[in-house]
Structure formats: C-alpha cells, structure tokens
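Notes to accompany the following structure.
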Amino acid sequence: MQNTSDKILQAALTLMQDRGYQTVSIKEIAQYAEVSEMTVFRHFKTKMGVFESAVEKFSYIPRFEEIFTNHIVWDLETDLTLIAKSYLESMNRNKSIFLIAIQERSDFPELNQAIAKNTMKLKSLIISYFTSMQERSQMKEVNVEAQAIIFLTTLYGYFSSTSLWKDHFLHDWEESFLLNTIDLFCEAFKK
C-alpha cells in the first residue's frame, strides 16, 4: 500500500505527464490522490516541491553510487555495459519525469534544472571511473570529462528517441545499439 506522499507524487506525475506541469493545480493533484489540498501542501509546500520531490525520490543516483561502489570490475567493456544498461533501465522507469521536463522545457526551465543535478552527479561518477581506469593503465589518456559527456549524450539520445516516438525504428535495436556503442568506446579507449 502506498503512503500518502507516494500517492501524491504518483498522482502529480500522472497528471503532469498527461497535461503538462503548468496546467495541473494542487487541487487537481489532491483530488487525483484522494487527499486534501492541505495534505499536499503539508507534505510538499508547493507544486514545484512536489516535482522536485519526485525527481529526488526516483533519482537514479543511489543506484549508480551502489554500482560504482560494489559492482565495478575494472574491465572497460563489462563496466560500460553495466552502466549503459542501468542508465537506460533507470530512465525508462522514470520516463514520466523526463516527458514532463521535455513538455515544459521552454516555458519552465526550473524543471530541467531539478533533473540536471542527477545528470551532473552521474557525469562525475563516470569521470571518476575513467580517471581510475587511466590510473590503473586500463585506458589510454583521454579528456575524461569530454568522454563522460559523449557517453551520457549517446545513451540519452537513444533513450529520448525511443521515448518520444513510440514506433521509432530503434525500439528493436537496443541490444545492438548497446553492443556497438560499448565496442566503439572500448576501441577508442584501448591503451
């Protein structure tokens, strides 16, 4: 059974994905969650507070911190595959947050800023990994920040293409996309 906060968050994400952030009111969120408006305000203070809490609650960062702490084996192909698959799984699980931010990107950049914090943290984790791989002589010297950005942008491009267009040809290519992307990075990074 969902607790009150989770009910509110789920209601807000559902409504915002369907109709956009700006058009949804706290009153509507409360009605959809079957709670009072005061309950929403007590838990989250503002509508932005609801969205920021959803981003925080469904953040992929704890999962990636756990991966980088406990599951990295210091083999570039294995590790990049794990990171890439985990990224796509996390993004697909949180697709509603992504779609809300895309819908409101021009009129409400604060939504993207809330999401960008997670991306910056993940970029830092990947930079740290690449730096450690170089220190271990497992990867040639490259601009680790640039390569982390290219890696994340490649994954994000695949995710956004398959999220925005239901019948996109890439839907059937995930395994091949991942395999070939990882192969390209490994070949470029070989020492």
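The values are calculated or read from the model by the stated rules, or taken from the named source; none is laboratory data. These numbers come from a predicted model, not from an experiment. We place every Cβ from the backbone using ideal geometry, glycine too, and count neighbours over all the protein chains shown.
For this structure, a couple of remarks:
Conditions tested, residue by residue: (1) among the charged types (D, E, K, R); (2) farther than 20 Å from residue 62 by Cβ.
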{"residue": "121", "(1), (2)": "yes, no"}
{"residue": "124", "(1), (2)": "no, no"}
{"residue": "134", "(1), (2)": "no, yes"}
{"residue": "143", "(1), (2)": "no, yes"}
{"residue": "150", "(1), (2)": "no, yes"}
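- Whether a residue is at pLDDT below 85, closer than 26 Å to residue 65 by Cβ, in the same structural domain as residue 74 (by TED's automatic domain parsing) and in a helix (DSSP H, G or I) was assessed, and residue 163 passes this test.
- Scanning segment 137-148 for residues being free of Cβ contacts under 8 Å to residues at least 12 places away in the same chain and part of a helix (DSSP H, G or I) gives a total of 1.
- Breaking point among (1) over 23 Å from residue 175 (Cα atoms); (2) in contact with a Cys (Cβ under 9 Å, 6 or more places away or on another chain), for residue 77: (1)
- Scanning segment 62-80 for residues that are buried (at least 17 other Cβ atoms within 10 Å of the Cβ) and of a type outside the set (Asp, Glu) turns up 64, 67, 68, 76, 80.
Let's see how each residue does on (1) β-branched (Val, Ile, Thr); (2) closer than 14 Å to residue 97 by Cβ; (3) crowded, with 18+ Cβ neighbours inside 10 Å:
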{"position": "3", "(1), (2), (3)": "no, no, no"}
{"position": "9", "(1), (2), (3)": "no, yes, yes"}
{"position": "15", "(1), (2), (3)": "no, yes, yes"}
{"position": "18", "(1), (2), (3)": "no, yes, no"}
{"position": "32", "(1), (2), (3)": "no, no, no"}
{"position": "41", "(1), (2), (3)": "no, no, no"}
{"position": "44", "(1), (2), (3)": "no, no, yes"}
{"position": "49", "(1), (2), (3)": "no, no, no"}
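- Single residue of 50, 35 found to be over 18 Å from the mean Cα position of the chain (by Cα) and either among the aliphatic types (A, V, I, L, M) or outside the structural domain of residue 185 (by TED's automatic domain parsing) (or both): 35
- Inter-residue pairs, beta-carbon under 6 Å, first assigned by TED's automatic domain parsing to the domain that holds residue 85 and in segment 113-136, second aromatic (Phe, Trp, Tyr) and part of a helix (DSSP H, G or I), 6+ apart: 122/64; 125/64; 125/68
- Residue pairs whose Cβ atoms lie under 7 Å apart, sitting 6 or more positions apart in sequence or on different chains, and linking a residue in segment 86-101 that is within 13 Å of residue 12 (Cβ to Cβ) to a partner that is aromatic (Phe, Trp, Tyr), are 97/58; 100/21.
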